[in-house]
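Asker: My questions all concern the structure below.
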Amino acid sequence: MSLSKKLSIVTSLYFLAFHPSHAAIPADIPSDFQVTAVSLTSVNDVVFNASTQELLVSVGSLAGYGYGNSITRIGLNGTILGSQFVGSEPGKIALSSDGTVGYVALQAAPSIKQFNALTGTTISSISTPSSTYSGATRAEDIAVSPDNANVIAVSISNTCCSPRHEGVYIIENGQVLPNRTPGHTGSNTIEFGANGSILYGYNNETTEFGFRTMSVNNAGVSTTSVTGGALYGFYQTFTYEAGLAYSSSGVVFNPSTGEQLGKFSLPYDATFTASVTTKRAYAIDGARRLTVFDFDTFTPIATFNLAGQLNDTNISKLIYTQSGSLAAIGPTGVYVLSAVPEIGSMWMMILGLFGLMATVKISHHYRETR
């Protein structure tokens, strides 16, 4: 075969693999998800600690001996790495930005536990402020300052009445700062913004449905603005990442202005999460289908049937972990959803690299024989 014919073949292979027409099929979409189930009941919350590559879950008393009322660490291969008693009915977990310190709200006691996020062991116990009218309170939501792991914002709720909201407080080194927001109507769910001086919150229990911006300083916290329209509905929560907010119902909005930027179309029973890292959003519905969405168009680009791998039809929380993989919790366990690479994309990449190396080799041989 002539040299020109060889060059023509390998050049064709290279451009077959890397031609722009392949961009229509996103290379980062996996061929499937491999689900690893960790049998563990009474799981109330899950977070991913990027610094240790582990999941941290809060486990209620019904899990029984060894795991009940604990912070339990789980590896991304599904192995339980350790379990530490933390207190009565642990719920919401919040992590510091460096992944070294965690906080968990106790649902059956007026207390928040600070714990070592590397081991799960308790560091200190923080009492939630009492209500003048209803007495003992609980921490409904917690957010850790991105500037200081010893500063947290806490949304407080009562245990007797409606509305349940008792205000947002700032706690520094275990001490409650004096300025707090009013009770009755306020922010049930909270998230810090780009720095520790900005806090966002949403009222998800009354029809006011206000989205609040709050200012945080060394005296505490105060509300600076209330807007409506970006979010609407009971029980919704939101997350903040890279300047935007993502609601549990799939709404994407600018928290500074309240402008809604788009909405992912989710089934009514779906659990949702978004990842700025992958520019993808994910949702699991009651039929145990996992849908992957494009960030720019808000449209679904792939769906995976996980009915044969997920035991639970009502997933209560879904989070992104790393490398296109996810984790979820349901009534009977914790699930690690590991992305299986797209075989076609892998082969096209190998084919392209082979073509490129062959081209270089033939060109080198051609120069030597001239």
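All of the numbers you see were taken from the coordinates with simple rules; none came from a lab. These figures come from a predicted structure and were not determined experimentally. Cβ: placed from backbone, ideal geometry, glycine included. Neighbour counts: every protein chain shown.
Asker: So what is the relative contact order of segment 71-176, in percent, for Cα pairs below 8 Å that sit 6 or more residues apart?
Answerer: 18
Asker: Another one. Order the peptides 212-225, 131-144 from the highest to the lowest mean number of other Cβ atoms within 10 Å of their residues.
Answerer: 131-144, 212-225
Asker: What residues of segment 140-160 lie in the reach of a label at residue 98, counting those whose backbone N is under 20 Å from a point 7 Å from the Cα along Cα→Cβ?
Answerer: So the set is 143-153.
Asker: Could you give the length gained on full extension between residue 217 and residue 276, defined as 0.36 nm per residue of separation minus the Cα-Cα distance, in nm?
Answerer: Contour length minus Cα-Cα distance gives 18.4 nm.
Asker: Where the only charges are on Cβ atoms (+1 Lys, Arg; -1 Asp, Glu), what is the dipole of segment 70-184 about its Cα centre, to the nearest 20 debye?
Answerer: Once rounded to the nearest 20, the dipole reads 200 debye.
Asker: By a straight-distance test (C-alpha under 14 Å), which aspartates and glutamates pair with residue 279 as possible cross-link partners, with residues fewer than eight away in the same chain excluded?
Answerer: Those aspartates and glutamates meeting the cut-off are 28, 241, 294, 296.
Asker: Work from the charge dipole of segment 36-147 (Cβ charges, +1 for Lys and Arg, -1 for Asp and Glu, about the Cα centre) and give the residue of 65, 132, 119 farthest towards its positive end.
Answerer: The listed residue farthest towards the positive side: 65.
Asker: First measure r as the distance between the Cβ atoms of residue 31 and residue 332, then evaluate 1/(1 + (r/R0)^6) with R0 = 35 Å and state the FRET efficiency to the nearest 0.05.
Answerer: Calculated transfer efficiency: 0.85.
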